[in-house]
Structures are given as structure tokens and as C-alpha cells.
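K.L.:
Here it is: the structure, laid out below.
The values are calculated or read from the model by the stated rules, or taken from the named source; none is laboratory data. Here the structure is a predicted model, which is why all the values come from computation and not from measurement. Virtual Cβ from ideal backbone geometry, glycine too; neighbours counted across all protein chains shown.
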Amino acid sequence: MQMDYGLYQQQTQKLMMTPELRQAITILQYPAIELMEYIQEQIIENPVLDIDEREWERYRYLYQNSRGIPSVAHSNDEGRNIWDTIASPEDNLEEYLLQQGRLLNLDAKKLQILAFLIGNLDELGYFTMSLREVAEILKVQEEEVEQMLTLLKSFDPIGIGSRDLREFLLIQLKQMEPYDEKAIQVVEHHLTDLGEKKFTKIARKMKISPEEVQQIADLIKTLKPKPVFGFEKGQTRYILPDIFVEEVEGEWIIIVNDTLVPRLRMNPYYSKFIEDRQMNVEAVKFVMDKWNQATWLIKSIERRRDTLYRVTREIIEVQKDFFTTHRLKPLTLKDIAEKTGIHESTVSRAIANKYVQTPKGTFELKFFFTHGITAKNGEFTSVNEVKRQLQELIENEDKRKPYSDQKLTELLNQKGVEISRRTVAKYREELEIPSSAKRKRYN
């Protein structure tokens, strides 16, 4: 189906956005629940839009019961099909974190440590027990506890299990692009002064202007104030999947979740109204405007469904091995844009805040996008996979003679991963693994 999105040019050659195009973009960006709410508003505002009474009753029932869907669906049960009810026992934060751990195929010992850490988070999402205390309770090494705590901090919500506010803010800042070194310095060394708004003092110590400090303060204000923000412990985080994905006899089936979108139609009464030559001209113009708005709304909803389907189909085609190996391949918005013939910015809007329910759980669509590194054979390896290999090398090193970053680079090169020492150091720091000098043990 072709749609003219209504872009036109003035003599200045400046592209303008029509109300119709703005509406189409808005509808594309809406996740399922917000789309339902928007359509409900349009039905009330536009008399030309119509749905039959039985459809209205179905829509009203589904709308009122749409928020009881937890964020993570458990592994596929035998005999379950995609049209079965998708509501399952409520998942609190603890279960949500454990689910992420199970996806990593950790051994029993590591899962035990991870479960203990998750079970002992405080009400804000911090982990305040000492590593030694945990090691003694579980009869394991402190290094094993530290490794699992580092892993936990990388889970969603990012930074969960941080030791304190300073560490939590630093984790968020280090996730940002571009990397803001000055903001990191402020949090590391001047957090108390920042809280007291001593901008001049900070500026003097860092040899920057108070205005720069103000900008840094504004940036830090945008960060989450606590690890459980949006994930209050013991509460359910409800998400309605926008897409369902199932594997049936080796074929991946993709279904856009439009069960909560009422089937709109044009009210035939107003068609006759427009054709009535005896009607008031202004009244006819008003109805014609509403008719055009209704037509565009229906087309925009159809376009959203088509775009979501095409984008998801290509994502799953690239990442289908993830559901057996739990490893993602490199994938960018540009890749999907080229495969679908859809503009990159449209792909970005299509995946924004959208969730897909799969046999392995429910994920944000953006989860499947990851950058990669070129291997010697010309293939690409995802950054997450390189980090996994790096962590594995460090876990198995001789603790009395730990690998330097240069040695780790050489070992990864031998595995076919083309990577520089500088990048290895960056990934090691992102994994919160100390340098070789600090990893060295004397016993």
C-alpha cells in the first residue's frame, strides 16, 4: 500500500510537515497501549469514525483489561500457541532480574550467587553487603561474588546492585554517547559539592567555567535517581507486547498485536450528508475535513502495522540464532533500512518503545541492535560477544600472572577478532574489570 506522507516544498526548498504527516509519525511511534488511548480520543472527537456495537464492546473490554500483562513472559510452555492469553503470574523486580540471569545459561553456582545478590538488594536497588560477608555465607570466593555483582549491574534496569549513588550515576554516564569525561570527574570527585550547588568551587578545582559546571549539573539531573526507578521492588512492571513471534516447524511467524485496536470504518450517514446538495456549505466543509482526517487515521494505522511487521521480520531473520545461542549478531538501523527499503529515521521511530514477545521472553526491539567488530574471515562479531570472550579470558587467566591489555588483544586476535589494545581496555573498563596490576594475586 502506498501512502503520500504529505511532504511538500516551499520556494525556499525547506521541507514542511503537514498535520497528516505529523499524525502518521506519531501513530508509528506509539506503543500498543498509547495507540489504544489515541484511537479512543479520535473516536470521541471525530463523528465520522465508526465501529459497530459488538466491536465497541470487545474493544472496551480489552482496553479496560490491557494493563495486567507483565514485562517478561516465561519460556514457552508445551502446547502454548500465540493466541493463548499472554497474561502470566505477576513478575516483580526480583523475578525480572532472575529471568535475565537464566537467559545467560550460568552454571548452578553462579546462579546461586546471583540469586543471593538479587534477594538482598535494598529498597532503592543498591547492594550494601560486603563481598567478604557474601563469600562467607555462600562458601565461595570474593572474586566470584564480585563477578556476579558486576554482571547484575549490567542488567535492566541498568545499574541495579550499585554500591551507592556515586557508582550508580557513573554507570549511567558511562553508558552515554558521546562520553562526557568532565561529568564523570564531577561525580567521582565533587558529588557532595554538586549536591550543595557549589558550582564556583567545582569550577575552580577543575579549571573550567561555572557555566560548564551548570551544564554538567543539568545533565546529571536527567539521570535516574535510584536503581529501582520505574521498577519499584515488589511491584509489577506492565508491558503490552506490540509484536508476537513464534517458531512453527522451523518457520518464524510474526504477528503485529492489533487485537486492542478497534476496526474503524467510515460512518455511511456522513457520506450521504456530503452528497446532499441542500446542506449548508460550512457544514459540508466541516464533515469533509473530518472525513479526510478519518481516512488518513485508518491509513496511518495500517501503515504502522505494515512497517512493524517488515522491520520485525528482518530483525528476527538476522537474530534468529539468538533464541538458541543467546548471542546477538551485529545489527544497525541502517542494516534494517537497507533490507526493508524504509528510511532509517522511520525504522528508528518504528522500534521506539516497542516490545516483542518471543519464546525466550519479552524484549524491547532495540535490544536486538548491537554494533560489531570485523573478524579476520570478514564476518562481524557483536560487541556483546567480544565482551563475553574478553571476560572469559580473564576468568580463566593465571591470577598470579594476569593478562595485560596487550596480551588480551593478542589472544582475541588469535580467535579471529580484529581489535586494538585501546578498545580492549575500554571494554574491560565497561565490564568493571580492574587492570592486570590490580587483578594480580600473590597466593
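Per-residue answers, yes or no, for (1) surrounded by fewer than 16 Cβ atoms within 10 Å (Cβ to Cβ); (2) among the small types (Gly, Ala, Ser); (3) free of Cβ contacts under 8 Å to residues at least 40 places away in the same chain:
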{"residue": "ILE243", "(1), (2), (3)": "no, no, no"}
{"residue": "ILE253", "(1), (2), (3)": "yes, no, no"}
{"residue": "ARG265", "(1), (2), (3)": "yes, no, no"}
{"residue": "PHE286", "(1), (2), (3)": "yes, no, yes"}
{"residue": "ASN292", "(1), (2), (3)": "yes, no, yes"}
{"residue": "THR307", "(1), (2), (3)": "no, no, no"}
{"residue": "THR325", "(1), (2), (3)": "yes, no, yes"}
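K.L.:
When only residues in the range 377-424 that are in contact with a Pro (Cβ under 8 Å, 6 or more places away or on another chain) and more than 23 Å from GLU143 (Cβ to Cβ) count, which is modelled with the highest pLDDT?
P.N.:
VAL383
K.L.:
While we're here: Restrict the check to the range 188-199 and report whether at least one residue is on the phi < 0 side of the Ramachandran plot and in a loop (DSSP other than H, G, I, E, B).
P.N.:
yes
K.L.:
Give me a count of the residues in the range 156-179 that are surrounded by 17 or more Cβ atoms within 10 Å (Cβ to Cβ) and outside any helix (DSSP H, G or I).
P.N.:
Matching residues across the range 156-179 total 5.
K.L.:
Counting only residues that are crowded, with 16+ Cβ neighbours inside 10 Å and modelled with pLDDT of 85 or more, give me the helices (runs of 4 or more DSSP H) lying completely in the range 15-114 with at least 1 of them. Write out each step before concluding.
P.N.:
Values: elements: 19-29, 32-45, 53-64, 93-102.
Of the helices (runs of 4 or more DSSP H) lying wholly inside the range 15-114, those with at least 1 residues that are crowded, with 16+ Cβ neighbours inside 10 Å and modelled with pLDDT of 85 or more span 19-29, 32-45, 93-102.
K.L.:
Consider ASP289 carefully, then state whether it is at negative phi, of a type in the set (D, E, K, R) and within 20 Å of the chain's Cα centre (by Cα).
P.N.:
Values: at negative phi: yes; of a type in the set (D, E, K, R): yes; within 20 Å of the chain's Cα centre (by Cα): no.
For ASP289, the condition - at negative phi, of a type in the set (D, E, K, R) and within 20 Å of the chain's Cα centre (by Cα) - is not met.
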